[in-house]
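Q: Have a look at this one before I ask anything.
The values are calculated or read from the model by the stated rules, or taken from the named source; none is laboratory data. Values in this document were obtained by computation on a predicted structure and should not be read as measured data. Because the Cβ atoms are built from the backbone with ideal geometry, glycine has one as well, and the counts that use them run over all protein chains shown. In case anyone asks, the SASA skips ligands and DNA or RNA and just uses the protein heavy atoms, side chains included. Shrake-Rupley method; radii C 1.70, N 1.55, O 1.52, S 1.80 Å.
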Amino acid sequence: MASEEQLSAIKRAKVLMVGAGGIGCELLKTLALSGFQDIHIIDMDTIEVSNLNRQFLFRQYHVGQSKAKVARDAVLRFKPNISITPYHANVKESRFNVDFFKEFDVVLNGLDNLDARRHVNRLCLAADVPLVESGTTGFLGQVTVHLKGKTECYECQPKPAPKTYPVCTITSTPSKFVHCIVWAKDLLFAKLFGDKNQENDLNVRSSDTGNPSEHSEDLFECRKDEDIEQYGRRVYDHVFGHNIEVALSNEETWKNRNKPRPIYCKDVLHLKMTKENGDTEKDCATGDVSAMSSLSLKNPQDVWSLAENSRVFLEALRLFFSKRGKEIGNLTFDKDDQLAVEFVTAAANIRASSFGIPLHSLFEAKGIAGNIVHAVATTNAIIGGLIVIEAIKVLKKDNNSYRMTYCLEHPSRKLLLMPVEPYEPNKSCYVCSETPLSLEVNTRHSKLRDFVEKIVKGKLGMNFPVIMQGASILYEVGEDLEDDMVAIYAANLEKALSELPSPVTSGTVLTVEDLQQEFSCSVNIKHREEFEEEKEPDGMVLSGWVEAPADKDNNKPNGNGESTSNALPSEEIQEDEKDVEIQETSEGTENVTGKKRKLSEVDESRNQKKPEKLDIDDEDDELVISDDWESLTKKKRV
Amino acid sequence: MAEPKTKYDRQLRIWGEQGQAALEKASICLLNCGPTGSETLKNLVLGGVGSITIVDGSKVEFGDLGNNFMVDDSSLGHSKAKCVCSFLQELNDAVKAKFIEESPEALIDTNPSFFSQFTLVVATQLVEDSMVKLDRICRQENVMLIFARSYGLTGLVRISVKEHTVIESKPDHFLDDLRLNNPWPELRGFAEAIDLNVQDPVAHKHIPYVVILVKMVDEWKTSHGGTLPSTREEKREFKELLKSRMAAMDEENYKEAIDASFKVFAPQGISSDLQQILNDSCADIGTGSSDFWVMVAALKEFIANEGGGEVPLEGSIPDMTSSTEHYVNLQRIYQAKSEADYLVIEERVRNILKKIGRDPHSIPKATIKSFCKNARKLKVCRYCPIEDEYNNPSLAELQKYLTDEDYSIAVGFYILLRAVDRYAANFNHFPGQFDGGLDEDISRLKTTALSLLNDLGCTGLTLTEDLINEMCRFGAAELHAVASVIGGIASQEVIKLITKQFVPMSGTFVFNAIDHKSQLLTLY
């Protein structure tokens, strides 16, 4: 029934899919069955067991293989006559540059993280290729269309950054389970198994006194004269016992807080019991090493006792050293790495016990540590279908009928799918319009390195930045730089801004450019002397950069999929209560918890609910829901 | 570790182990395995339903290869049910998959008792006549039923179940149950023991907002003749009062108290939705009453007696700025009250069960507990028989939809989806299904649609030419992208029905792929 013209537009089209995960599988299948003949897929991931409940192109025996390649083969089996080109690669690689993007008629995203989404957005803007962006979490989903100059770009709306916690809360005064998880994952795990050269605050003292732990390096190295069991116990006693004692010695910290309890191995485990751990030889398959199985703990939803957690801790540590020794020094936490999840759960729980914080099951801990977004086949199927419908409109250049479509969990105003006409580009967007940013920074203390790491990479999402002051280059990353330049840039990194060869002081305008993204912006520098450590942990404040307000810390693990949301029931909304704040909490992921938003324009139709803009992830990383009600209400709803 | 649940990890985070267990027990029957049916079932097989039975009498034809992912070249000429079944089995070996090569229409006519073995039937691409018959059968046998249909750029999903009760409705937004304006003695006692005027600034900024509000409400009431702030002006004053007690501008706990002050203004007692459930005639218990209604009856007694007009306390508190000690104590107080309320309800449930001659322990504790926690969020959904909706739809609703710009396309497609079935019954093909003769088909469809509207009593109303033309251009094609959307929505509703979590949609969902304006129509 499709018109000839439409069919030939589809047949001729060359499309790029970024992501072959939950949405990607649906999308690829639907594209193939809708007549598309030239499809390219980029995905850097390999297949995990936890993908199989929705990524239907993959089977158990594909676990460990490239998603892009397996997806291609699976679809070609059914549609042998089309061309599918897979790239098992990171979309940020330099070969996927603007010229590469220009080859395509439309780009379709099925991504799982903000960083890659922003990167693709910039390349699409630079290449002037339409982008259809999508995301799902649980039963919620969205599809949006982005065309340079015609609609807003992906970054025109605020994107909340992943939640960060003040260092001292993590290192010294945790009050929630998530703080213990962050400690276990980002500090302890990283220290023991990760890159030894990374800076690590594990031993940061509880306040300004205490020991500066200059010998910490030795502490976490296994000594020649000790076996792995002794080493594990020593680490245990050091981090859960000694470090807590040190923290306790600072009376001031605990004046208004409950004091933590130091925990030593010998108090929790009798020597004999730990020796029983020995029957681990039964599973030798390295991929499957698990402390839970060697300790016969079966149900990941059980909350372990302190003793069980301690045993898991020691056993996991032992297994890392005995079975996965080669990886030590290079490991980063991965939510699909069973042993890593076991270690982090156990360590977080032991720390939680010390601080009187309720313990959690492995299942819950994994959700928090991995920022796991729940995902289900049904929503991906809906979204996959909608992406293709939008992609066809884009190919037909049917500009007026583009829609941003939100898939809701609870029907609202008789709608389960909520379409909204695309918005105009945001005139103050630093990405698609050339609005300068401004940065408050202490130019005498902050180093160029801080600016590069925290702002240019951290906030502006650049990979290959060039930083210029007027015509002089202060810093550049690239593959073909001269050695002497590399040395100069490296030296610059360690200099305070005001001491750079071309000094950066109040009033300086920096140009920051990413050559791969073909994206540049200007940053106006303003000097400021003091920053509040708690509120402005970066020691610098970027403005003009759209980011939603920081999340309110709201750790409420609710068990399985129990979405507790606290807000006004509709009867409560009265016309004179327009500034009511609604708090929304979603489970599993810390990033999404407790965001506050203004419920603007509560109109007479009490049930009216505007769609939330979901910057969601098909899958697991940084679930970010920006509650963008205000802007939605201002714009025309369809 | 070979943890069998790993592959369900992401969805367990939505519906939990209980929801998953319900899915694994469910037995699903699919009628017709074209793209819409196959896609619906695919999503359910991936999620791990217990068993599936595919009923389809057709053979795979060349045209199927273009829109159904589950058949390929090698399937040509073979039973479609068999091919789709083997594809689906490959997706998840934990699912018991079987197929029956028979036409659903024939099965409905000749073997109605066949359907009684299933938890739920997914009926796709059925025409009106078969829908009506099947609906009768499933209601008779107490089998849940869901219809799904894709037709060109439109389609529909309609649930048909006599009654579906939900304890875990999981609403998006719900006011937490803090009882700030109606504290029970322990909460009041706890608040009273804390001095809001404490001199130590650190202590002052760590008083939880719950305590601040409980105390400030009391103070307000004392100076306002025992009433709560009610007018806009009073509410503003109340917030000002809170602000005036801040020791410093950066006291987060006071800011939270001001932000949360609307919780104080919330009315006491139960919502009108809940009242409606309590008033339902099913709440008068008899031997045939379901567990849900037994618990509703117990709840009703509780509200009238121990509850003093309130439901059992939910027991959890939101995160707030507080000293750990205060927070932990508050948590304990809320939990204790919630536990005490639960025990009363449990006792009442046991007594009611005894009274109606059932085993007093036939409802598990965990169920009663979950019922108590969700008492404010209970939902009862009822769906009218398809036959009634088709023969006697609410005329007022129909007319409203037809004249409302927001709904006119959706209701237009709804009418046309019925009209094409009448058309097909008369002319043995769907409008636009074959090349040529489109103009004739258009005028015939128009006549059919008008006569349908007439039969429904909507005289004088009509559908736009554009819509009728569009419908003819669809030519009854089942487009994959549309089938994917319809299948996604249908399977999502199936999951809600089986897990008894979330609220399934009411009415008929009509999809409109042209601008995605897709409405739920309630026509009864």
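Q: Within segment B:21-53, can you find the residues that are over 22 Å from A:Ile23 (Cα atoms), open to solvent by less than 10 Å² (accessible area, probe 1.4 Å) and in a helix (DSSP H, G or I)?
A: B:Leu23
Q: Just one of (1) open to solvent by 30 Å² or more (accessible area, probe 1.4 Å); (2) out of contact with any Lys or Arg (no Cβ under 8 Å at 6 or more places or on another chain); (3) modelled with pLDDT of 85 or more; (4) over 29 Å from B:Thr321 (Cβ atoms) trips up A:Lys185, so point out which.
A: It fails just one condition, (4).
Q: When you scan segment A:289-313, how many residues do you find that are more than 11 Å from chain B (Cβ to nearest Cβ) and open to solvent by less than 20 Å² (accessible area, probe 1.4 Å)?
A: 5
Q: What number of residues within segment B:346-372 satisfy the criterion of being in a helix (DSSP H, G or I) and without any contact (Cβ under 8 Å) to a residue 60 or more places away in the chain?
A: 11
Q: B:Glu17: surrounded by 24 or more Cβ atoms within 10 Å (Cβ to Cβ) and either in contact (Cβ under 8 Å) with a residue 40 or more places away in the chain or under 24 Å from the mean Cα position of the chain (by Cα) (or both), yes or no?
A: Here the answer is no, as B:Glu17 does not meet what is asked.
Q: Return the residue satisfying two criteria in turn: it lies in segment B:218-262 and is under 37 Å from the mean Cα position of the chain (by Cα) and β-branched (Val, Ile, Thr), and of such residues it is surrounded by the most Cβ atoms within 10 Å (Cβ to Cβ).
A: Here the answer is B:Ile258.
Q: Out of (1) in a helix (DSSP H, G or I); (2) surrounded by fewer than 23 Cβ atoms within 10 Å (Cβ to Cβ); (3) more than 7 Å from every other protein chain (Cβ to nearest Cβ), the odd one out for B:Thr462 is which?
A: Against the list (1) in a helix (DSSP H, G or I); (2) surrounded by fewer than 23 Cβ atoms within 10 Å (Cβ to Cβ); (3) more than 7 Å from every other protein chain (Cβ to nearest Cβ), B:Thr462 comes up short only on (1).
To keep it simple, each residue is scored yes or no on (1) open to solvent by 10 Å² or more (accessible area, probe 1.4 Å); (2) modelled with pLDDT of 95 or more.
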| site | (1), (2) |
| --- | --- |
| B:Ile100 | yes, yes |
| B:Ser116 | yes, yes |
| B:Thr119 | yes, yes |
| B:Glu128 | yes, no |
| B:Lys133 | yes, yes |
| B:Glu141 | yes, yes |
| B:Phe147 | no, yes |
| B:Val157 | no, yes |
| B:His164 | no, yes |
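Condition check ((1) surrounded by fewer than 24 Cβ atoms within 10 Å (Cβ to Cβ); (2) under 28 Å from the mean Cα position of the chain (by Cα); (3) β-branched (Val, Ile, Thr)) across all residues:
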site	(1), (2), (3)
A:Val388	no, yes, yes
A:Ile392	yes, no, yes
A:Lys397	yes, no, no
A:Ser401	yes, no, no
A:Cys407	no, yes, no
A:Met418	no, yes, no
A:Asn426	yes, yes, no
A:Thr435	yes, yes, yes
A:Val452	yes, yes, yes
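Q: Could you check segment A:437-449 and list, in sequence order, the residues that are of a type outside the set (Lys, Arg) and open to solvent by 40 Å² or more (accessible area, probe 1.4 Å)?
A: Scanning segment A:437-449 gives A:Glu440, A:His445.
Q: May I pose another question? Just give me the residues in segment B:476-513 being over 21 Å from B:Ile28 (Cβ atoms) and within 7 Å of chain A (Cβ to nearest Cβ), in sequence order.
A: B:Ala477, B:His480, B:Ala481, B:Val482, B:Ala513
Q: Now, a different point. If we keep just the residues of segment A:367-418 that are assigned to a helix (DSSP H, G or I) and in contact with a Cys (Cβ under 7 Å, 6 or more places away or on another chain), which is nearest to B:Val157 (Cα to Cα)?
A: A:Ile382
Q: I'd like to know if segment B:435-457 contains one or more residues that are open to solvent by 30 Å² or more (accessible area, probe 1.4 Å), more than 9 Å from chain A (Cβ to nearest Cβ), among the polar types (S, T, N, Q) and under 30 Å from B:Cys29 (Cβ atoms).
A: Looking for residues that are open to solvent by 30 Å² or more (accessible area, probe 1.4 Å), more than 9 Å from chain A (Cβ to nearest Cβ), among the polar types (S, T, N, Q) and under 30 Å from B:Cys29 (Cβ atoms), one finds none in segment B:435-457, hence no.
Q: Moving on to the next point. From the set of residues in segment B:503-524 that are hydrophobic (A, V, I, L, M, F, W, C) and open to solvent by 10 Å² or more (accessible area, probe 1.4 Å), which is modelled with the highest pLDDT?
A: Only one residue tops the list, namely B:Val503.
Q: Residues of segment A:1-30 being facing another protein chain (nearest Cβ under 9 Å) and hydrophobic (A, V, I, L, M, F, W, C), which ones?
A: Listed by number, the residues that qualify are A:Met1, A:Ala2.
Q: Still on this structure: Check A:Arg118, A:Arg95, A:Arg122 and return the single one that is of a type in the set (D, E, K, R), in a helix (DSSP H, G or I) and open to solvent by 10 Å² or more (accessible area, probe 1.4 Å).
A: None of the other options fit; the residue is A:Arg118.
Q: From B:Val344, B:Val311, B:Val349, which residue is open to solvent by less than 50 Å² (accessible area, probe 1.4 Å), of a type in the set (A, V, I, L, M), over 28 Å from the mean Cα position of the chain (by Cα) and over 17 Å from B:His164 (Cα atoms)?
A: So the residue among B:Val344, B:Val311, B:Val349 that is open to solvent by less than 50 Å² (accessible area, probe 1.4 Å), of a type in the set (A, V, I, L, M), over 28 Å from the mean Cα position of the chain (by Cα) and over 17 Å from B:His164 (Cα atoms) is B:Val344.
Q: Mind listing just one residue for me: the one in segment B:424-434 that is within 14 Å of chain A (Cβ to nearest Cβ) and at negative phi and, of those, surrounded by the fewest Cβ atoms within 10 Å (Cβ to Cβ)?
A: Ranking the candidates gives B:Phe434 first.
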